[in-house]
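There's a structure below that I have some questions on.
The values are calculated or read from the model by the stated rules, or taken from the named source; none is laboratory data. Keep in mind the model is a prediction, meaning the values are calculated, not measured. Neighbour counts run over all protein chains shown; Cβ positions are idealised from the backbone, glycine included. Side chains included, ligands, DNA and RNA excluded: accessible areas come from the protein's heavy atoms. Shrake-Rupley method; radii C 1.70, N 1.55, O 1.52, S 1.80 Å.
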Amino acid sequence: MTHYYFNIRRHDVLERDLEGAEFATFEEAYEEASEAAREMLAEKVLAHHVIDGSRFEITTEDGTVAGELAFKAVIRFT
């Protein structure tokens with residue numbers, strides 16, 4: 001199992017995930033980040049906030065960026 005952190009990048013600001021979570025694969029971590037992004041976007045929509053360029057930077061314990069997920073990427077239009 002690998003420990004991944006879902007840091008949030010909003011423009012030039014990085015909000016660090018201090019807890020993280022264990023996943024067997026990066027794909028499982030990415031799917032969890034996708035679900036979290038959907039929930040966060042739903043809250044923004046309900047609050048009439050602007051959907052901006054926020055994204056998750058998924059990192060390993062040593063700080064290596066394993067992948068990124070733009071919140072907008074989880075929205076299905078068709």
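Students sometimes get this wrong: rank ARG10, ARG76, ARG16 by accessible area, probe 1.4 Å, all chains present, largest first.
Largest accessible area first, the residues go ARG76, ARG16, ARG10.
At a Förster radius of 25 Å, what calculated FRET efficiency corresponds to the Cβ-Cβ distance of ILE51 and ASP12, to the nearest 0.05?
E between ILE51 and ASP12, to the nearest 0.05, is 0.85.
Given a Förster distance of 35 Å, report the FRET efficiency between HIS3 and ALA70 from their Cβ-Cβ distance, rounded to the nearest 0.05.
0.95
Of the heavy-atom accessible surface of the chain (probe 1.4 angstrom), what whole percent is carbon and sulfur?
53
ASP17's amide H: which non-local residues (gap 5+, or another chain) put their own amide H closer than 5 Å, with H modeled 1.01 Å from N in plane and none for Pro or chain starts?
Residues meeting the amide H criterion: PHE6, ASN7, ILE8.
How charged is the neighbourhood of ILE58? Take every other residue with its Cβ under 10 Å from the Cβ of ILE58, and add Lys/Arg as +1 and Asp/Glu as -1.
-3
When ranked by the protection proxy of mean other Cβ atoms within 10 Å per residue, highest first, what sequence do the peptides 63-69, 46-52, 33-39 form?
Output ranking for 63-69, 46-52, 33-39: 33-39, 63-69, 46-52.
HN-Hα J couplings of the stretch 2-15 from phi, Karplus 6.51/-1.76/1.60, θ = phi - 60°, integer Hz, Gly and Pro as x?
For the stretch 2-15, the Karplus curve yields 10, 8, 10, 10, 9, 6, 10, 9, 10, 6, 9, 9, 10, 9 Hz.
Could you give the angle, 0 to 90 degrees to the nearest 10, between helix 26-46's Cα long axis and the longest principal axis of the Cα atoms of the chain?
30
Assuming a ≥ b ≥ c are the square roots of the Cα gyration tensor eigenvalues, decide whether the chain counts as rounded (a/c under 1.5), prolate (otherwise, with a/b larger than b/c) or oblate.
Judged from the Cα gyration tensor, the chain comes out prolate (a/c at least 1.5, a/b above b/c).
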